Amino acid sequence: MAMKTNKNIKEIVLTSFMLSLILYVISMVFYVDSHINERELEFEKFSKTMAQYNQVLFFTSKILESEVSKYDAIEKENQTLLDNQDSRLQHLNDKDELSNIDIVIESEFHQLVDEMPTILPEEDVMYYRSYISSLTSVDKKDADIEIEQCLAQRNCALEASDRRLLDRILISDPYRNEEGKVFITVSSPIYFKDGIIGDVNIDIYMSRFDGASDVHVDKKVINGVTFYEFIYGNDATDGKFAYTIDFVADNSTVYVYKVPVLSIVYSTFVFFFIIWLVSGFILFRFKELHLNKIELSEAQSNIVQDQMTGLLNRNVLENEDFKNAIKEKSASILAIDGNKLKAINDTYGHHVGDEAIKQIANAMKEVFRDTDYLIRSGGDEFLAVLPGCKQDNATRLAERLKECVGETTFSPYALSVGVSVGVVEMMENEPVESAIRRADENLYKDKQA
């Protein structure tokens, strides 16, 4: 019993594991696909925003540059400011007198902002930054910008290489402001007399893109091109096995968005164990119910079954299925009795007598239908109840049974046994016990013959 229980437990564990694995893999395929599609939409939103801002800044800087090109020079008192651009980077907030160029650019910048369709959300800020004075002009009132960040974050046009300036777009590293918010600044320089006098910028608030707070940024510089790997996860190693999307932001900046598949699997692996536990419990309960059903069936069989021969016993006469079969189809009944079994018992012992009884039972199974009720009523006495069978057919079956029993030997002594049979057909509305008594009377006559 213990070995059977252990085998059942192993079978349940193995089956539930395989079932859980299949369900987990199928669910992961759909989940990862949905997750990747979601991240693709996020990155597409970011890349479209970046491309749109690049265009806005490029044309804005060209328009402002066109306006200042009408002037021959910066006002004389401010000429030294242009000659000392590098030193001006450290003092962008000094209160200097504005130049004629700054005044023109500020006026034109605000006119452009007023006429431009609203494309920037509240979090993003567009502004003009002068390198020849302290002027900073923004598109929104009370806009929060940190000009001193420009050199540290690689978006100062004065410090940029010629290669980075070829497409007139500069993109900063991702950085945090004093409030801890993450921004990327996109800039486009404004030229005057072959020198850079300022730039127009947009600060992009990264948290407005869904999932940005869960992105780990890994920076790599290859052949002068900066690659920013946006890895969805808290660990840079998550990007080793990842679905990858890239976007070329400018001629020296590429964004690579990675959706780590293994990280998704790791984060959801507990789901597999939950499925395993639940499926194991369900299978255990089903197995338990199945075993209980088998035990109940066996117990019910034991009530109506003769253990030695495998035939039914007299309890079947009270079974509802039996009663319904007799009521619907009527039946013929054969009363069967072994001949000279007492002599076999006395001569060879009861164990040989039991073999004789089994010989009769086996012959009954061979002659009659599976749907017939074959009953050992006691000792060497048997009944065969044949639903829907007329007496003529039943009589022929009785003769066939006698032949089948007698033609086969049994036991080491090569013994044979015979049977006597009484046959009746039940009359309409006749109780079974009444028909059995009539069959017994015919059996007695057959024995006397």
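Couple of notes before you dig in:
- Peptide ranges 369-377, 40-48 listed from the most packed, as the mean C-beta count within 10 angstrom indicates: 369-377, 40-48
- Overall, the accessible surface of segment 301-449 at a probe of 1.4 angstrom is composed of carbon and sulfur to the extent of 46 percent.
- Entries in Lys45/Lys181; Lys293/Lys329; Lys358/Lys445; Lys340/Lys447; Lys62/Lys193; Lys329/Lys445 that, when Cα-Cα distance is taken, lie over 21 Å: Lys293/Lys329; Lys358/Lys445; Lys329/Lys445
- Distance between the modelled labels on Phe58 and Asn324, one decimal in nanometres: 8.4 nm (7 Å Cα→Cβ projection).
- Solvent accessible area, Å² - Ser267, 1.4 Å probe, full protein context: 80
- Hypothetical label at Met18: residues of segment 264-294 whose amide nitrogen lies under 20 Å (7 Å Cα-Cβ projection): 272-288, 290-291
- Potential lengthening of the chain between Tyr444 and Phe227 amounts to 67.5 nm, from the contour at 0.36 nm per residue minus the alpha-carbon distance.
- Shape of segment 290-449 from the C-alpha gyration tensor: oblate (a/c of 1.5 or more and a/b not above b/c, with a ≥ b ≥ c the square roots of its eigenvalues).
- Percent carbon-and-sulfur accessible area, segment 9-57, ignoring ligands, DNA and RNA, probe 1.4 Å: 71
- In a fully extended conformation the segment linking Glu178 and Phe284 would gain 32.3 nm over its present Cα-Cα distance, using 0.36 nm per residue.
The values are calculated or read from the model by the stated rules, or taken from the named source; none is laboratory data. Small disclaimer: the values here were computed from a predicted structure and weren't measured. Ideal geometry is used to build each Cβ from the backbone, glycine not excepted, and the neighbour counts take in all protein chains shown. These area figures cover heavy atoms from the full protein model, side chains too; ligands, DNA and RNA do not enter into them. Shrake-Rupley method; radii C 1.70, N 1.55, O 1.52, S 1.80 Å.
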